[in-house]
1. Output the number of the condition that VAL549 fails; it satisfies all remaining conditions of (1) in contact with a Lys or Arg (Cβ under 9 Å, 6 or more places away or on another chain); (2) surrounded by fewer than 19 Cβ atoms within 10 Å (Cβ to Cβ); (3) within 21 Å of LEU389 (Cβ to Cβ).
2. Scan segment 375-396 residue by residue and report those that are in contact with a helix residue (DSSP H, G or I) (Cβ under 7 Å, 6 or more places away or on another chain), more than 17 Å from ALA420 (Cα to Cα) and aliphatic (A, V, I, L, M).
3. Can you report the number of residues in segment 492-505 which are touching a Leu at 6+ places or on another chain (Cβ under 6 Å) and closer than 19 Å to GLU451 by Cα?
4. For PHE349, which of the numbered conditions (1) buried (at least 17 other Cβ atoms within 10 Å of the Cβ); (2) under 15 Å from PRO390 (Cα atoms); (3) not assigned by TED's automatic domain parsing to the domain that holds SER399 fails to hold?
5. Are any of the residues in segment 231-247 closer than 28 Å to VAL36 by Cβ and buried (at least 21 other Cβ atoms within 10 Å of the Cβ)?
6. Among the numbered conditions (1) in contact (Cβ under 8 Å) with a residue 40 or more places away in the chain; (2) within 30 Å of ILE319 (Cβ to Cβ); (3) surrounded by fewer than 17 Cβ atoms within 10 Å (Cβ to Cβ); (4) of a type in the set (D, E, K, R), tell me where GLU107 comes up short.
7. Can you name the residue in segment 314-330 that is surrounded by 16 or more Cβ atoms within 10 Å (Cβ to Cβ) and of a type in the set (Val, Ile, Thr) and, of all such residues, is farthest from the chain's Cα centre (by Cα)?
8. Out of the helices (runs of 4 or more DSSP H) lying entirely within segment 158-271, which hold 3 or more residues that are at pLDDT below 75 and over 30 Å from ILE46 (Cβ atoms)?
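The values are calculated or read from the model by the stated rules, or taken from the named source; none is laboratory data. Note that this is a predicted model, so its numbers are computed, not measured. Glycine gets a Cβ as well: all are built from the backbone with ideal geometry, and neighbour counts include every protein chain shown.
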Amino acid sequence: MSAGTAPLRRLRGLLPAFRPYRGRVALGITAILLSVAFGLLAPQLIGAAVDAFRRNPSHAALLRYALGLVGVAAVQGIFSFVQRRVLVGVSRDIEVDLRDRYFAHLERQPPAFFQERATGDLMARATSDLNAVRMLCGPAIMYSSQTLFTAIGALLAMARLDLPLTGVALAALPAVAGATKVFGERIHHRYERVQQGFARLTARVQESLAGARVVRAYAQEEAERRAFGELNAAYLEENRRLVRITAAFHPLLQVLVGCGFVAVLYFGGRQIHAGAITVGEFVAFNFFLAKLVWPMIAIGWVINLVQRGAASFGRLLEILEVEPAVADHEPLVRGARLRGAVSCRGLVFAYQPGGEPVLGPLAFEVPAGGSLGLVGATGAGKSTLLSLLPRLWEPPEGSLFLDGIDVRRLPLAELRAAIAMVPQESFLFSATLAENIAFGRREASATEILEAAHLAGLEPDLEALPNGLDTVVGERGLTLSGGQKQRVALARALLRRPRVLLLDDCLSAVDAATEARVLGNLARAGEGRTVLVVSHRIAAVAACDLVLVLAAGRIAERGTPAELLAAGGAYAELARLQTLEEELAAV
């Protein structure tokens, strides 16, 4: 399979996208056929008019032919309008369907998928690549159908008028086909390079804007501009290379077609002189040949659209064919009334299959309504353990259980509906505080949102904000402090009223007094809810029923806070150091 045909064969995967619009596509193709048919009537009328006028110059007859041509042109125009309206409309609908499918597919992917791919590249596929696919589904199909019908109709009409002269007109066709194949493959390759360059450029812009504070804090604006300029120049060069190929392709086709015209004029003149055809027939033949010229020229443009669309659809398939690493596994236990008991039995986890384990073996039990604290050095595996419970990463089968049910046997939607996780790095949307808090329960009332904000310790901050809960926080919550963002994320989780609440060092950016107030609120309002807390602060886990001290992915210490303090191990040492820090800070 050649480099040019392989991507085109992948276009078979685009056929299902047309199924909902079969009727409209059939209507559009029919309109093309009728438009071409009426367009091919014009040369016959012109040829007949020439011969009739030569035999009997009559203005009345000439007027009849002229009115006939106007009528044919009007009907052709109507069908041309219908074909464009229908087929271009279908291509827009397919674009929307594919974009919805693409976005839904991204939403099903686990964190590992996004860690391996640049956000800008994913955005480029959803915009520039989808636009190229739309051009393939609409204009490319419309013009290729029009080209095919026109070529067949014109060739049949030309052959009926003079078969030998038709052979002369087609002498350049093999050269046109060869040029189309060679240039088509090069256009495809170059367009893939252009799209890759656009993806790199988009990724750079996205990262630079997202990290604008860091760029300014380190005075790297000029370095960022230079880096962007280099990528922009590389993207420009790839476009220039593509343009050089397309710029040579179209004139070459015109030269080849022009050679055919010259040959027809020469041999056609000899046919008239020999009496083989009339002047009117030769005029009609040339009009048919002119009709054939457009398809031969349009081939270049259509091939360009097809190759661009094929390259872009291939880039979309690279994403759409990636099966989510975390998905529902049959048999599933559906509709379970989960209470929140968490069990870990011999858990060993590695990020890559066969890789070095980052956790395990681990084993512990947290009864429904109980609490578990996780402490340990950075990189000990605390956050990884929390992310396995809602299956943000896929745990090994038979290692994590919720109410005695393997989490891999619970439908993802039901599992995640029962669990709310608050990460250390909180993400907020460019919306109001209320909308951010209600993200997990959009139907929540204003009273419920305010109650969640109170539990998260946000009430004092709301009084200082210009519009309270209706304050727009800006992209990624840039107008809020780190501690405020963390508490908004906590309020978001609390509003969902989950059976299991996972807190991943989510109060690290607040002061000790605020943390104590929030933890007190959670203790009073959290009866019946299972809570797993990751924290570097001993105070955050001091009220937990059980505390695990992790080291290098294993349990180094286990017990109640009082038992661990009495044991004099790592937990007790951490508590001593933090108490000393607080005393020094109070001096």
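1. (2)
2. Selection gives VAL375 alone.
3. Count: 2.
4. The single condition PHE349 does not satisfy is (3).
5. no
6. (1)
7. VAL326
8. Qualifying helices (runs of 4 or more DSSP H): 173-210, 212-217.
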